[in-house]
Each structure stands twice: as structure tokens, then as C-alpha cells.
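The values are calculated or read from the model by the stated rules, or taken from the named source; none is laboratory data. Quantities reported herein were computed from a predicted structural model and do not represent experimental measurements. FYI the Cβ positions are ideal-geometry reconstructions off the backbone, even for glycines, and counts take in every protein chain you see. When the accessible area is computed, the model is the full protein with side chains, heavy atoms only, and any ligands, DNA or RNA have been set aside. Shrake-Rupley method; radii C 1.70, N 1.55, O 1.52, S 1.80 Å.
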Amino acid sequence: MTTGVRRRMGVEERRQQLIGVALELFSRRSPDEVSIDEIASAAGISRPLVYHYFPGKLSLYEAALKRASDDLAARFVEPPTGPLGARLLRVMRRFFDFVDEHGPGFSALMRGGPAVGSTTTNALIDSVRQAAYEQILSHLEVADPPVRLELVVRSWISLAESTALIWLDGRRIPREELEAQLVHDFAALAAVSAAHDEEMSEILRAMLRYEDPEGPFGQLVTRLLALAT
């Protein structure tokens, strides 16, 4: 009969394990409510050993935020093929997958959690927003965005954040509806801006040139026309 021998982890391997354990706990409860003792217990190590790898809960929280923010930013990456509306809908589905999986952790990421106002936390949040912004511009094939386009894209990213946070508070609207609504919101913001600016109108025409009438943007036009009759 043989007995299992626990393998000793290297420093970086143990750090990554603790980050993963912390993220799992943060996905179920607010980071404010998760103690170092719980993280140590879930990792199968002692409390002092946690402090050997991280000076305190804040440093562990920031490391977990970094992994979560990298994951969230990656959700906005989408191959630049096919109609834009369909691409944005796939992005929104992956975005809400993250929100659904990480619940309290997502709220903490967007609201700052235990590290609210810290330079590190603010930088991580800004990095996610910037990654999303750059991805949207790449799909629009605009290298030097006019100020009105920047306003549209950054406003839409902020709207997606706010929508997800409200949705987490009770999930009172089916997420599939909100995913589609946010894609419609993007088209609506662009259309309103285009009504005031010729440069934006050209960008809007390029956005709609290859859209499928049955796709998200086409569905929005159909619904708006129905309201006008």
C-alpha cells in the first residue's frame, strides 16, 4: 500500500494557486467578506504561509484583480470578420459570461472593492476600459478616432459596466435581452452622433454597409420603424 505525498510547490506556483483560490472565493462573496484564514484553509496551508507569499490581504486582492482584469479584457477580443453587430453581440455574451461567473468579484473590480481609490486598482480598471476601447476602434477600422467617436465608444463601455452591475442586483432582466440591448445601444449612440456630425455619419454608413437585415442592427431598425407606425 502506498501513501500520497503532498508535492511542495515552488514560490510562483504557490502564488498563482493562492490567486486562483482568492478569485474563486471572491466570485461567491465580496472580497471584503473573505478572510485570509478562509483563503489559507481553501489552499490547504496555514495563515502565516499566506503572508509569506503576500504581505497582506490587499496585495493578494490586487494580484487577483490583475488576473481578473486580464481575463475580462480578453473577452473583448473578437476576430474582425462578419457584420459588426454580430461581432459585438458575441463580445457582449462573453462579457456577461464573465459577469455571471465572477458576480461579487466583478462588482469589486468595477467599484474598487477593499482597495477603492488605490493607484493599482484604478490602473487595472482603466486598463480594461482602454483594452475594450481599442478593440472597438479596431473593428471600426479607425486608427485616429474623431472626438465624437471617442465619446460614443467610451460612453458605451461605461453603459455596459453600469448595465452589468444593475443586472447583478437581482438579475431581473434576462441577460440575453441585455446583451442584445447593449449592441442596439451602440448603434443608437452612433446614430445620434451621426445626426450632428458628417464625419460620424460616414463612420455609421461604414458600420451598416455589410449588416445582415436579420442581425442585431437590422433588428433595431425594424423595431424602431414599428414604433413609428
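Tabulated values for the structure
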quantity: Residue among 34, 50, 99, 91 that is in contact with a helix residue (DSSP H, G or I) (Cβ under 6 Å, 6 or more places away or on another chain) and under 30 Å from residue 186 (Cα atoms); calculated: 99
quantity: Complete set of residues in the stretch 187-221 that are among the β-branched types (Val, Ile, Thr) and within 14 Å of residue 84 (Cα to Cα); calculated: 203
quantity: Flag if residue 138 is under 22 Å from residue 91 (Cα atoms), surrounded by fewer than 19 Cβ atoms within 10 Å (Cβ to Cβ) and either among the hydrophobic types (A, V, I, L, M, F, W, C) or within 15 Å of the chain's Cα centre (by Cα) (or both); calculated: no
quantity: Hits in the stretch 45-85 - residues which are open to solvent by 30 Å² or more (accessible area, probe 1.4 Å) and of a type in the set (A, V, I, L, M); calculated: 49, 58, 74, 77
quantity: Some residue of the stretch 178-192 being open to solvent by 50 Å² or more (accessible area, probe 1.4 Å) and under 15 Å from residue 89 (Cα atoms); calculated: yes
quantity: Subset of the stretch 170-229 (residues that are touching a Pro at 6+ places or on another chain (Cβ under 8 Å) and assigned to a loop (DSSP other than H, G, I, E, B)); calculated: 197, 210, 211, 212, 215
